[in-house]
Structure formats: C-alpha cells, structure tokens
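Take a look at the structure below.
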C-alpha cells in the first residue's frame, strides 16, 4: 500500500512549483541561447580555428576572415554573459 505524504510536506513542494513556474521562461531562454551558441561554435568557430592552426601559409584564411572571427567571438562572450545573467536571476528568485 503506497504511503501518502502528509499535507505539511506537500505544501512547500507546491509553493516551490508555483515559484519555479514564474521563472521558467528565464531558464528556458538561457538554455535556448546556450544551445544556440554551442551550435554556432561547432558550425563556425571551431572549423575556422582548425584552419587557423594549419601551418601551411597557402591554406590559411584571409586576414579579413581572421578579424571577422575575432569580432564575432566577442558576441559569444556577451551571449555567455547573458546566459549567466538569466540563470542567476532565475535562481535568486526561486531561492529567495
């Protein structure tokens, strides 16, 4: 026969669920941005980084491609900071 939880044990869980659902969009947004930056890294940054490491000067990407890579890398840092901020907001509001 299953043991039924007592009411005083269920109420805090229900309250936590209501609080968590208010901040769920922050968590989902953070996960979406994080996943998008990972896909971007694997599709764009990693292949170019491998080309940059090639010692053959003839197969090196053009200089403007290297500068573009550095400029776009700054956006990755900003997006990573946005993910951190969104998760921090969600955690502080859920816990607090």
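Brief remarks follow.
- Test set (1) part of a loop (DSSP other than H, G, I, E, B); (2) at pLDDT 85 or above - residue 81 fails condition number: (1)
- For segment 2-25, the condition of being closer than 28 Å to residue 84 by Cβ, modelled with pLDDT of 85 or more, surrounded by 11 or more Cβ atoms within 10 Å (Cβ to Cβ) and touching a helix residue (DSSP H, G or I) at 6+ places or on another chain (Cβ under 7 Å) holds for none of the residues.
The values are calculated or read from the model by the stated rules, or taken from the named source; none is laboratory data. From a predicted model like this one, the values you see are computed outputs, not experimental measurements. Cβ atoms come from the backbone with ideal geometry, glycine included; neighbour counts cover every protein chain shown.
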